[in-house]
1. Once the mean 1/r over all distinct Cα pairs of the stretch 342-386 is inverted, what Kirkwood radius in angstroms do you read off?
2. Give me the one-decimal nm value for the distance between modelled label points at Ala565 and Gln518, 7 Å along each residue's Cα-to-Cβ direction.
3. At a Förster radius of 30 Å, what calculated FRET efficiency corresponds to the Cβ-Cβ distance of Lys310 and Val264, to the nearest 0.05?
4. Tell me the label only: which of (1) 203; (2) 163; (3) 262 is volume of the Cα convex hull per residue in Å³ as calculated from this structure?
5. Structure shown: which of Lys144/Lys184; Lys310/Lys756; Lys101/Lys155; Lys101/Lys184; Lys101/Lys167 lie over 27 Å apart, alpha-carbon to alpha-carbon?
6. Let me understand the stretch 701-780 better: what is its radius of gyration from the alpha carbons, and its Dmax, in angstrom?
7. If you average the sequence gap of Cα pairs under 8 Å that are 6 or more apart and divide by the length of the chain, what percent do you get for the contact order?
8. So, with +1 on the Cβ of K and R and -1 on the Cβ of D and E, and no other charges, what is the size of the charge dipole of the chain about its Cα centre, to the nearest 20 debye?
Amino acid sequence: MRRSGSASQRCDTVHIGHRFLWMGLSLGSAAAACGLFGQKAYAQFTPTPMHFNPGSSNSASKNEPATFQADHVSYDDHAGVVTWTGNVQVWQADHILRADKITYDRNTGVITASGNVASSQPDGSVLYSHYAELSGDMRDGIMKHVNATMVDNAKLAANGMRRTGGKVNDLTRAVYTACEICAKDPTRAPFWQLRSYSATQDLEHQHLEFRDTYMDIFGVPVFYLPYFSMTDPSAKRRSGFLIPGVTPHDRYLGTYFTIPYYWVIDDSSDLTVKGLFSTKTGPQISAQYRKAFNFGSLRIMGGLADDTHKSGGYTNGFGESVGAENDHGVQGYLFGRGMFTLTPTWRAGFDGRIATSANYMRDYRVPGYGGDTLNSTAYIEGFGTGAYSKLDAQFYQGLNRGVIRNNELPFVLPHYEYSLVNQPDILGGRLSVNSNDFYVYRTEGTRDQRGEVQVNWDRPFRSSWGQKFLVTARLDSMLYHASQLYQQPNYYKYMKSTTAGQVVPTLAVKMNWPFVRQFMKGHGSQILEPIVQAIYAPNQGGGVDRRLPNEDSLNYEFTDSTLFALNRYQGTDRIDGGLRANVGVHGNWTWNGHVVDVLVGESFQEHVQHDRLPYSGLNHHLSDVVARARIDPIRHLSVTGRTRIDPYSGRVDFADALFNVSMPYVNIFGGYVREPVTPYYYYVNDFRNGGSPPSLYYAPTNELSGGASATWRNWHGSFFVRRALSRHKFASVGGNIGYMNDCFGLDLMYLKQYTKIGGQQRYSTVLFTLTLKTIGAFGIK
């Protein structure tokens with residue numbers, strides 16, 4: 001007997017079992033169904049004991065009701081066939097199936113869908129076909145003319161597809177791409193596509209395999225791959241081999257290959273292992289382990305290699321002979337970083353980095369080579385309302401043997417910082433307390449301990465004339481115990497241990513008197529602000545006579561940024577003393593988006609410390625003139641410059657300048673810097689017994705840099721150059737050019753560095769990178 005009903009006439013309940021949902025799930029696809037709640041007939045069915053294949057498994061919940069809607073439903077009781085027609089939609093939980101017609105044969109257990117077949121799943125993937133025939137508890141079936149829309153805009157199409165066991169899709173004449181399809185002409189070939197004779201989609205392991213594959217660019221085959229595999233775009237993390245790397249030529253490795261493997265250990269940890277094989281030296285195995293906790297994170301990197309290179313000695317830029325190093329044979333490195341939250345206000349962490357030799361890092365391109373040191377630290381720190389506390393330990397390993405000797409680098413065990421800023425008191429002032437304590441140990445050099453307490457009180461107020469005053473009272477107190485002061489970095493003529501201290505009070509008054517006016521009928525403003533400051537502290541001298549060690553005040557900086565600072569040393573082992581006055585004038589003009597901002601100032605000091613570092617700018621009662629200017633004369637141009645000029649000789653002791661031109665498609669930038677040689681060089685070598693430093697000690701940094709970048713549509717490019725004028729040579733040059741669209745990227749980069757490290761100058765680096773969206777990046781260096 002055959003029965004039928006229309007949408008407007010009846011609503012029926014059909015018991016075919018909960019496995020219906022597997023039509024959508026078994027095809028590994030997803031698409032949002034439209035009009036699920038239109039004015040049509042609804043029928044709901046719940047799981048029943050009717051099983052086509054007893055014992056088979058189903059990932060859909062057996063307790064979830066499945067629901068269908070259709071324009072027309074008919075039943076053929078004699079043939080055992082149920083047919084839905086007209087915008088058929090079936091859904092259970094988050095799984096949806098749509099077709100123009102769906103037929104279910106109760107005798108054979110086969111479900112057939114035809115006409116605009118589409119199904120969707122919660123992961124967002126979508127699959128369309130012209131015809132689908134499913135059987136075997138919806139876990140096996142075939143589809144014709146398949147188009148799948150996957151995550152990240154990936155698309156997979158095939159003439160036909162066979163589904164086996166609900167886990168594997170076998171496709172014929174498959175095409176894969178992540179590029180946009182032309183809306184005006186959908187038949188037009190995308191920017192790139194993989195065109196394969198056959199392909200397999202492993203849904204369980206989230207893997208795609210292509211066989212007899214061509215890579216097409218604009219529909220033109222560019223290369224052939226007999227086999228290619230990749231991770232399914234829907235997979236966030238999956239174990240497997242990553243894209244291998246190849247470098248045709250390297251100075252120390254020759255031609256080398258890298259083969260990485262990625263292992264997903266669990267939901268919160270993974271491991272990447274990489275093998276490196278070269279033609280000039282032995283292989284290396286390296287690994288990176290990552291772990292995420294609810295209370296922090298951990299990352300550990302390491303490598304082990306058989307380095308066959310043997311580096312010889314050389315003479316560094318200071319005229320010193322540097323001997324050969326035992327840097328061959330079994331070599332390795334170990335880096336680790338972790339951060340852990342202990343309580344809402346306390347956390348702990350570490351960042352450790354160590355390697356067997358700098359030349360090993362150079363040979364195998366270990367990250368971190370190129371710097372002067374590898375720094376390691378472990379810490380615990382706490383945060384409170386207006387308060388901060390930190391206890392840490394520090395260790396350093398020198399990488400540039402031409403400048404740094406490992407046996408002279410310090411161990412800081414431990415180092416403690418504390419800072420507290422109170423709320424305003426009844427006098428309107430604010431009290432702050434700081435402490436910076438440490439124990440420094442050197443194999444060769446001064447060993448010292450310091451305890452410090454700094455108390456600072458600031459009281460701002462305004463006068464009736466608009467003047468802004470700031471009164472500051474500060475007390476610095478330090479206690480030291482030191483030995484081996486006759487070695488670096490102090491080189492005192494004292495052979496015994498010593499215990500010494502200092503207490504330095506400082507009083508300061510600063511006044512800003514801004515005058516403000518408007519012009520251009522209120523569209524512009526002008527500020528003219530005289531600034532005067534008076535500071536008094538006991539004259540401290542250089543600290544040599546009092547046998548005070550010096551760890552944090554080896555550099556002295558006098559520029560516009562420190563003109564009104566109470567202490568111009570970078571630390572507190574040395575403190576500016578004596579009576580001095582600082583004066584300056586600040587001016588600002590702003591109108592219609594244009595800005596001119598200028599500061600000019602000078603310092604007057606009663607006590608002159610003639611043995612202060614050369615080029616400090618404070619070797620006379622009248623200091624160097626410091627100045628800063630920022631000018632934005634037009635919309636796309638910005639210029640900033642700073643300088644320090646000796647008023648007696650007119651010599652420029654310090655200068656830097658930056659400019660930037662920013663236009664819609666082009667950005668041009670440049671800079672200049674001139675400053676004295678790093679004062680540290682005066683401390684690490686002992687010239688008390690005659691002799692003089694080599695010329696490198698007196699050569700100031702004098703460097704010019706510049707470059708440009710441009711973007712136009714999908715194209716981009718840039719270049720930069722740094723020129724050391726004092727050494728009459730380039731420091732570095734480089735640039736890149738590339739193309740990028742929604743699914744494809746191509747970059748070519750060039751870099752040349754002229755700085756010598758370990759007596760060796762780097763070669764040029766050329767890097768070619770090809771990026772295919774959802775597949776990965778391929779690079780040749």
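Every number in this text was worked out from the coordinates using simple rules, so none of it is lab data. As the structure is a prediction and not an experimental result, all values here were calculated from the model. As a convention, Cβ positions derive from the backbone with ideal geometry for all residues, glycine included, and neighbour counts pool all protein chains shown.
1. After inverting the mean inverse Cα-Cα distance, the result is 13.0 Å.
2. Simple spin-label model gives 3.9 nm for this pair.
3. Numbers: r = 41 Å, r/R0 = 1.35.
After rounding to 0.05, the efficiency reads 0.15.
4. (3)
5. As for pairs spanning more than 27 Å Cα to Cα, those are Lys101/Lys184.
6. 15.9, 49
7. Relative contact order here is 5 percent.
8. The dipole magnitude comes to about 860 debye.
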